[in-house]
Amino acid sequence: MIKVFSDRKDKPVEYDFVAIDEQPQANEVGFKTIEVSISPDAKTWTSMYDVSELDRIYCVDTPGVADIKQTDNTVNQGIADGQLFVSSKFDQREIKAIFKFDSNDSSDVRLAYDALQRYFGSREPYWICFADFPQRMYFVKMTSVDQTSFRDWGFVLEVTFTDQIGLSRSIGTTGDQGNYLYGFGNNELTSKPQFSFSTNKFTLYNPSDVAIDPERRGHPFKITLDGSAGGDMTIKNTTNGTSITRKGKWSGKWVLDGVHSTLNDKGDTINTDYGYIGLQAGNNSFEITGFSGKVSFDFPVWWLS
């Protein structure tokens with residue numbers, strides 16, 4: 001189970017009305033705060049609330065819904081009017097968050113600012129997650145800090161991150177359902193979709209806003225078959241036409257991880273036709289021939305926002 005946010009019981013909360021004879025809680029502040037957590041590998045996370053040097057530095061605004069940036073590739077075709085569409089991709093984009101710190105000591109202000117830069121500054125990109133959109137993470141680098149207000153009493157900063165991929169990704173994968181995979185706006189169905197099957201014809205649902213393409217776009221995508229094949233085996237997604245054939249009989253565990261395959265943890269790509277499997281957004285119809293057993297799919301989900 002991936003733990004993204006802090007287990008602290010005294011996380012800051014927005015000030016609420018109390019009776020005349022009651023005192024506010026020590027963890028109350030006069031504005032809404034948003035927990036932020038970062039990770040180098042999407043598995044081990046460090047929340048701002050668990051870093052003592054960041055005490056009393058609060059995130060008060062996040063991108064919420066990030067704007068997509070799309071680039072289309074086109075070419076001229078003879079004397080045809082216009083241009084022929086070839087492909088498209090999502091480009092890097094900026095996402096911004098605002099941080100606030102209050103103090104009556106100018107030295108504390110400078111130390112807090114330094115700690116915030118140390119927390120977010122990195123030569124390498126990392127994953128970031130905001131608690132007001134907790135199922136999604138972005139692969140980012142901090143690119144600028146705008147000191148909208150910096151005084152002896154504290155600061156208000158706008159921090160700009162460059163989203164390296166241009167899409168948000170689920171923290172969990174379909175292999176560990178329920179762990180930050182589902183949430184508001186994540187293309188959920190009325191019933192939980194199935195990602196493991198024991199039949200040779202089935203429909204697999206891809207909750208992503210985009211196609212899963214391990215060959216051309218490098219999306220993580222793993223298919224695991226537990227069972228046996230008495231001869232050649234073919235897996236085909238009849239919705240988009242992608243397929244792969246494994247030649248010869250086998251038994252045990254066969255795994256297609258992206259464009260590479262293994263049999264019982266040993267390289268097996270040489271025994272295939274070097275095909276691959278991709279997914280369209282939404283429903284995908286599958287047919288498997290020459291195989292008996294169980295097949296399961298493990299992949300992260302991608303969204304535009």
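The values are calculated or read from the model by the stated rules, or taken from the named source; none is laboratory data. Quick caveat: nothing in here was measured; it's all calculated off a predicted structure. Cβ: placed from backbone, ideal geometry, glycine included. Neighbour counts: every protein chain shown. Keep in mind that these areas ignore ligands, DNA and RNA; they rest on the heavy atoms of the full protein, side chains included. Shrake-Rupley method; radii C 1.70, N 1.55, O 1.52, S 1.80 Å.
Annotation: per residue accessible area for the stretch 174-303 equals 48 Å², rounded to a whole number [probe 1.4 Å, protein chains only]. Quick one: Debye curve from the C-alpha atoms of the chain, no solvent, what's log10 I(q)/I(0) at q = 0.06, 0.09, 0.12, 0.15 Å⁻¹? Results for the chain at q = 0.06, 0.09, 0.12, 0.15 Å⁻¹ read -0.29, -0.60, -0.90, -1.16.
Report note on the peptides 111-119, 278-286: ranked by the mean count of other C-beta atoms within 10 Å, highest first, their order is 278-286, 111-119.
When the Gaussian network model of the chain links Cα atoms closer than 10 Å, the mean-square fluctuations of Trp250, Trp45, Trp127 top out at Trp250.
On C-alpha positions alone, give me the angle between the axis of helix 106-120 and the longest principal axis of the chain, in degrees, nearest 10. Roughly 0 degrees, rounded to the nearest 10. Charge dipole of the chain (Cα centre as origin; +1 on each Lys and Arg Cβ, -1 on each Asp and Glu Cβ, all else neutral): 1440 debye, rounded to the nearest 20.
All other residues with a Cβ under 11 Å from the Cβ of Gly275 taken together, and with Lys, Arg as +1 and Asp, Glu as -1, what is their net charge? With Lys, Arg at +1 and Asp, Glu at -1, the neighbours total 0. As a fraction of the 1.4 Å probe accessible area of the chain, surface on carbon and sulfur atoms comes out at 48 percent.
For the stretch 174-303, a crude dipole built from +1 on the beta carbon of Lys and Arg and -1 on the beta carbon of Asp and Glu, taken about the Cα centre, is about 280 debye to the nearest 20. Backbone amide hydrogens, once placed in the peptide plane, bring Ile171 within less than 5 Å of Met137, excluding anything fewer than 5 places away on its chain. Under 1.5 on a/c is rounded, so check that first for the stretch 174-303, then, if it is not, pick prolate when a/b is larger than b/c and oblate when it is not; a ≥ b ≥ c are the square roots of the alpha carbon gyration tensor eigenvalues. Judged from the Cα gyration tensor, the stretch 174-303 comes out prolate (a/c at least 1.5, a/b above b/c).
For the pair the stretch 195-240 / the stretch 288-304, the C-alpha centres are spaced 4 Å from each other. Peptides 96-104, 196-204, 266-274 ranked from most to least packed, by the mean per-residue count of other Cβ atoms within 10 Å: 96-104, 196-204, 266-274.
Here's the picture: charge each Lys and Arg Cβ at +1 and each Asp and Glu Cβ at -1 in the stretch 5-157, and of Ala66, Ser144, Ile79 the one pushed furthest to the positive end of that dipole is Ile79. From helices alone, the chain scores -1500 deg cm²/dmol at 222 nm; the rule is -39500 (n - 2.57) for each run of n ≥ 4 DSSP H residues, then divide by the residue total. Bridgeable lysines around Lys236 (alpha carbons under 21 Å apart, same-chain partners fewer than 8 residues away excluded): Lys201, Lys222, Lys247, Lys249, Lys253, Lys294.
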